[in-house]
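Readers should treat all values here as calculations from the given coordinates under stated rules, not as data from a laboratory. Just so it is clear, the model here is predicted, and its values are computed rather than measured. Cβ placement follows ideal geometry from the backbone for every residue including glycine, while neighbour counts extend to all protein chains displayed.
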Amino acid sequence: MQTPLEITYQHVTRSAWIDEYVRSRVAKLEHFSKDIVSCRVTIEQTQNPHKTGNPYRAQVEVTLPAKGELVAEKSDKVTDPQVQLRPIIRNAFEAMEKQLKKQTAKRDGKVKQHNDEPLPPVATVVRMFEKDGYGFLKSISGQEYYFHRNAVLHGDFDRLTVGTRVRFEPNEGDEGLQASSIQIIDKPGVGGSADGEDDLDMPAGWEQEPCH
């Protein structure tokens with residue numbers, strides 16, 4: 001991030017475990033979007049003098065260069081903050097992750113077909129592990145996606161090399177970002193489509209990735 005993380009407590013005693021947990025979740029947000037400008041997290045107990053068991057709330061605010069602020073929050077009644085605050089914070093961050101994934105997908109898929117339907121995102125193969133049957137793509141926005149040979153359409157896994165450009169469908173697996181429905185656009189040194197739709201810049205730094 002361009003600015004330091006801000007964690008604010010309102011009517012809640014500052015806790016080292018909350019600070020640590022929030023930082024770990026923010027690090028995961030940066031995995032979904034590399035261009036986060038700032039992130040502000042608020043942990044509070046809402047005050048209502050007419051009610052007992054005032055709910056706790058976690059709010060996550062993220063600022064992006066072009067889209068301004070994204071906000072996600074979750075709240076619930078808590079009887080044991082040490083146990084019940086964590087899922088409230090986690091749910092707020094998961095809601096923010098969904099927003100960031102949508103923004104990333106829109107940015108990667110900004111090229112339109114003639115019927116105005118979005119084309120799948122474009123990426124470049126940056127690492128290949130042919131013997132083990134998998135590799136990694138890097139999208140235009142700099143996100144990396146794992147893929148298995150079975151995710152490559154038309155049985156074209158063996159045609160892939162570092163530098164090959166592809167279109168793909170982004171997904172989130174249990175261990176991070178994954179690519180499916182991968183289709184080759186062109187090989188290194190081969191021109192793009194005649195109408196220029198696919199003539200997009202390679203993601204920065206792809207050529208420095210090691211090839212295995």
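Which of K106/K131; K102/K138; K106/K138; K28/K102; K131/K187 have a Cα-Cα distance over 26 Å?
Beyond 26 Å: K106/K131.
Using 7 Å Cα-to-Cβ label points, what is the R86/E30 separation (nm, one decimal)?
Placing both labels 7 Å along Cα→Cβ, they lie 2.3 nm apart.
Want the number for N171 to K131: 0.36 nm per residue separation, take away the alpha-carbon distance, what's left?
My answer for the length gained is 12.0 nm.
Find how much the distance from V37 to I7 grows on full extension, using 0.36 nm per residue of separation minus their present alpha carbon separation; answer in nm with one decimal.
Additional length available on full extension: 9.3 nm.
Want the number for V71 to L153: 0.36 nm per residue separation, take away the alpha-carbon distance, what's left?
The span from V71 to L153 would gain 25.8 nm if fully extended.
Among 150-159, 176-185, how do they line up from the highest to the lowest mean number of other beta-carbon atoms within 10 Å?
Listed from highest to lowest mean packing, they are 176-185, 150-159.
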